[in-house]
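Here is the structure we will look at, set down as structure tokens.
The values are calculated or read from the model by the stated rules, or taken from the named source; none is laboratory data. Fair warning: this is a prediction, and the values are worked out from it, not measured in the lab. As a convention, Cβ positions derive from the backbone with ideal geometry for all residues, glycine included, and neighbour counts pool all protein chains shown.
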Amino acid sequence: MNRPGRPLFFMTIVVFMLCSGVSIAAPVNSSDTVPELNNLTNYPRIERFDQGSVQVDFPNLDSWPEFRYLKAWLPVEVTLNGEDKPHVGSAYVQAATDINFEQRTVAITDLKVLKTRFSDEDESETRTNLISRAFQGRESIVPLDVLLRLLPEDFELPVQSADIPMLNFEPPGIIVSEKPLKLLSVDKEPVRAPIEGTDLEYVVNTNWNVFYYRPDEQWYVLNEDAWQQNNYLADGGWTTTDKLPADFEKLALSDSWPEVQKAMPARKPESPPSPFTISLEETELILLDGAPRLSAIEETGISYVSNTQSDLFKLGDRWYFLVSGRWFSNTKLSGQWQAVKELPGAFAQIPDGNKKEHVLYSVPGTRQAKLALIEAALPHRNSVAKSSAAKLEVSWIGEPDFTPIENTQLQRGLNTPFQVIKHNNFYYLCYEGAWYFSDSPTGGWKVASKVPDEIYRIPASDPAYNVTFVRLDGEPDEKQDHVNYSYSSGYKGSFSTRVSVVYGTGWHYPSNVYWDSANTPAYWHYGRTYGYNTGYHPVGAFYGHRGGYYGRWGYGRYGGWGGYGPYGWGYPVHSTMTITSPSVNFTQGYGSAWEGPMQTTPGDPTKTGEQSLDEFLPKKKIDGTEKFVKTSEADRTKSTGISASSLYASASLSSNRFSGSEGEVYKREDQEWQEYNDGNWSTMRAIAAEQPVQARPQRKSETGAQQRWLPAHKRTLSRGELDRQEIARLEGMDQYSKYRMQQDAKKQ
């Protein structure tokens, strides 16, 4: 006879074996797979040849279509042998790009010099050849965060879909508590499964240890390290006990129940555990340390609640709550919350450097929101060998079962954690950002070189919606031994609304619990939008959770920031959360940590004392205009990085030269911008005085009934654009450096 708990444990092993063909495994620490983050190209870089040397500075992006090829101007300085004075100019290049999301870098390769510009100098074949040689065969590795911020102001986002997805913005259940409280989530109605050799049953579809003892019809919950008992699985009435049925001793002998082992023998704690509330639907818990304490945000009229880890604000007589990229509002914290259709403009005035500046990434119209939109549109490209499909094994519990997908002619597989979709007489599998097909739901599978258009009509209300963001990357070549695919952030659960990026579709998808021939449950769930105080983390650009007071299986019992790993919110193994894949769950972040406070009581997170670069960026006023905040002399004398983390990588970008849109070359010297002209550096102020701006009449198509005048194109960039370029470099390096520090910290 099997020892207690073995059938369940055996089911876990079997399922993982079934999935081994598609490389489903436990989450891997990124420090084991990510190379050292020290391979950035240093700028300026100098290439030396027999005829002279070429100094190349950091690029100024002109365009980056489809994030595949870029065009950019780069300042160059050519010093020929035998000449005392260098030649200063710019090179206009085209190059291929490859984004490494794990390292947050971009490899720039296959550089071709399209043209060069040297002010008031004749073309020189020797100089041109040296510049071409300086780029030929070279690869540059630059921070992704810098390039994104250098994109032109009029950069247009790639269209991810023809229509705005029908995401759900209805509020979840929102509970506000001024006392310690935890959230015990049950996925709809509780599903109980017997534990062999005992009279105990456990609830399969919850993130807590919840048991039912049949003889006395009592419920038992493991809360922290204490056992609590009740007649009903409901709020209230729970009492702490040190007397458990003898069958719990059998669980303590099984490795399938590690948390039970730690909590045995049962004992009463010195102080009672925090109370909990039970939710059968997606619910957000806003936990305050007593009555709300408001901290004013200057010049906005907004106050934020300082004694909570949630993003909770008050403006006028209304409360505003941000979670999963969505804003909800209420006149009373205990009242009925509503979705915010138009966020007050005051939120866009939250100053850079404020404790709540991170919410700007979810405020439509801000530069931060645009950055988030660009990040969401970035393509994750992968190339799949056709021969690899032979290894795929898709597991089913029983005979394959399908259900129709609303408003399509498709059917979705039910009793499998894999995303299998039936179209006509063929089956399509979306796995790890690639498509496979077969004439059988169990395979054998082949790499798909065509995907039915019908798949891209799957609505957001269906749990397979995320597969619509996985597409073929280019035209397949039958002669090639691989097929290329790409996907944007929608595949991982972050969706663009064209004005901001939100996490999750907002729809709740019914979970699946299936029973095998041994009457053992196999349970998996689809991604959830709410329940973990999910917020956007700019460093690394991912949605992560601030899961506090959510039970035993969170990333921190009482809070702290965490990124979603590839396995979602991590049900315990003994709840048979055993066959999931990254394709099934809406996940993001690849396990990256959102730095923040780990605290045992709610309240103000510890301040890092780090100075943010956002302090030096343009501030938008209510009327939409911008003003630049000048830095002090002390700030200007600092190293390239302004925050402490930037010092980590400041040596990689010590370049002080910039290119204009026509190849002009600029530098900052003694708090003033200078342009190189006629062999000398001149301040822009002097140039502006000598070259008054001429005007040109508008074209007839532009003027309409009235004749208006616009400034002619100026030879020089505006100071504002140069400031933007400089700040983009600084802020991008700051973000990259923080990311690098996070990754390196994982190795320690």
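Brief remarks follow.
- Residue within the range 679-688 that is within 26 Å of THR41 (Cβ to Cβ) and at pLDDT below 85 present: no
- Residue, surrounded by the fewest Cβ atoms within 10 Å (Cβ to Cβ), within the range 446-471, restricted to residues that are in a helix (DSSP H, G or I) and touching a helix residue (DSSP H, G or I) at 6+ places or on another chain (Cβ under 6 Å): TYR456
- Selection from the range 93-133 of residues that are crowded, with 17+ Cβ neighbours inside 10 Å, more than 16 Å from LEU61 (Cβ to Cβ) and not β-branched (Val, Ile, Thr): GLN103, ARG104, ARG117, PHE118, SER119, ARG127, LEU130
- Qualifying residue in the range 257-268 (condition: of a type in the set (S, T, N, Q) and touching a residue at least 24 places away in the same chain (Cβ under 8 Å)): no
- When residues of the range 416-436 are limited to those that are in contact with a strand residue (DSSP E or B) (Cβ under 6 Å, 6 or more places away or on another chain) and surrounded by fewer than 20 Cβ atoms within 10 Å (Cβ to Cβ), the one farthest from HIS525 (Cα to Cα): PHE426
- Matching entry among ARG127, ARG138 (being touching a His at 6+ places or on another chain (Cβ under 7 Å), modelled with pLDDT under 95 and either part of a strand (DSSP E or B) or not acidic (Asp, Glu) (or both)): ARG127
- Taken as a whole, the condition of being acidic (Asp, Glu), surrounded by 18 or more Cβ atoms within 10 Å (Cβ to Cβ) and in contact with a strand residue (DSSP E or B) (Cβ under 6 Å, 6 or more places away or on another chain) applies to ASP311.
- In the range 304-317, the residues that are touching a residue at least 60 places away in the same chain (Cβ under 8 Å) reach residues that are surrounded by fewer than 23 Cβ atoms within 10 Å (Cβ to Cβ) and in a loop (DSSP other than H, G, I, E, B) with C-beta atoms within less than 6 angstrom, at least six apart or across chains, in these pairs: SER306/ARG293; SER306/ASP604; ASN307/ASP289; ASN307/ARG293; ASN307/GLY603.
- On the stretch given as the range 142-154, residues that are over 13 Å from GLU375 (Cβ atoms) and in contact with a helix residue (DSSP H, G or I) (Cβ under 9 Å, 6 or more places away or on another chain) total 5.
- Evaluation of TRP208 against the conditions (1) modelled with pLDDT under 95; (2) surrounded by fewer than 20 Cβ atoms within 10 Å (Cβ to Cβ) shows that the sole unmet condition is (2).
- Once the range 216-272 is narrowed to residues that are among the acidic types (Asp, Glu) and over 39 Å from the mean Cα position of the chain (by Cα), the residue that is farthest from LYS188 (Cα to Cα) is GLU270.
- Pairing residues of the range 654-665 that are within 8 Å of SER90 (Cβ to Cβ) and part of a loop (DSSP other than H, G, I, E, B) with residues that are modelled with pLDDT of 90 or more and acidic (Asp, Glu), at Cβ distances under 7 Å and at least 6 apart in sequence or on separate chains, gives GLU664/GLU675.
- The range 245-299 - residue that is within 19 Å of GLN218 (Cα to Cα), among the charged types (D, E, K, R) and touching a strand residue (DSSP E or B) at 6+ places or on another chain (Cβ under 9 Å) and, of those, modelled with the lowest pLDDT: LYS268
- The range 468-495 residues that are without any contact (Cβ under 8 Å) to a residue 60 or more places away in the chain and within 14 Å of ALA448 (Cα to Cα), paired with ones that are among the small types (Gly, Ala, Ser) and part of a strand (DSSP E or B) (beta carbon under 9 Å, 6 or more apart): VAL470/ALA434; VAL470/SER486; ARG471/SER486; LEU472/SER486; GLY474/SER486
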